[in-house]
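All remarks here apply to the structure that follows.
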Amino acid sequence: MSAHLYGPINLDLGDGPVHVDTSRGPDGQQRTRLVFGDLSQAVVISVTNSPVETLTQLQEAVAQIVALQERQARLAGLPEVA
């Protein structure tokens, strides 16, 4: 199974919010979604049918982003070289 994109998506995450929504769909089945943004402007990614491997890839990608942000913060704290 592959990801399905229903149109171009560009999202400036800013300060979030990001949360997980677990609820029952109209058919009564449990669903799990990753929600970026709030009720007025949100991007929602369904992960109900995602295999663990895909979610692990997502987790690893977020860890890479965190590491890059931490590195940039450390570099920003260094004195400038003339």
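The values are calculated or read from the model by the stated rules, or taken from the named source; none is laboratory data. What you see is a predicted model; the values in this text were computed from it and never measured. Positions of Cβ are backbone-derived with ideal geometry, glycine not excepted, and every protein chain shown enters the neighbour counts. With ligands, DNA and RNA removed, areas are computed over all heavy atoms of the protein, side chains included. Shrake-Rupley method; radii C 1.70, N 1.55, O 1.52, S 1.80 Å.
Put a dot 7 Å past each Cα toward the Cβ at A63 and V18; how far apart are the dots in nm?
1.4
Give the angle, between 0 and 90 degrees and rounded to the nearest 10, that separates the Cα long axis of helix 52-76 from the longest principal axis of the Cα atoms of the chain.
On a 0 to 90 degree scale, this one is about 20.
Hey, could you grab the Kirkwood Rh for the chain? Inverse mean 1/r over distinct alpha carbon pairs, Å, one decimal.
About 15.6 Å for the chain.
Over the chain, what percent of the accessible surface lies on carbon and sulfur atoms, probe 1.4 Å?
Roughly 56 percent, rounded to a whole number.
Kindly rank 42-54, 64-76 from highest to lowest mean number of other beta carbons found within 10 Å of each residue.
Result, highest mean Cβ count within 10 Å first: 42-54, 64-76.
Hey, can you find the accessible area per residue of the chain for me, probe 1.4 Å, expressed in square angstrom?
Per residue, the chain has 90 Å² of solvent-accessible surface.
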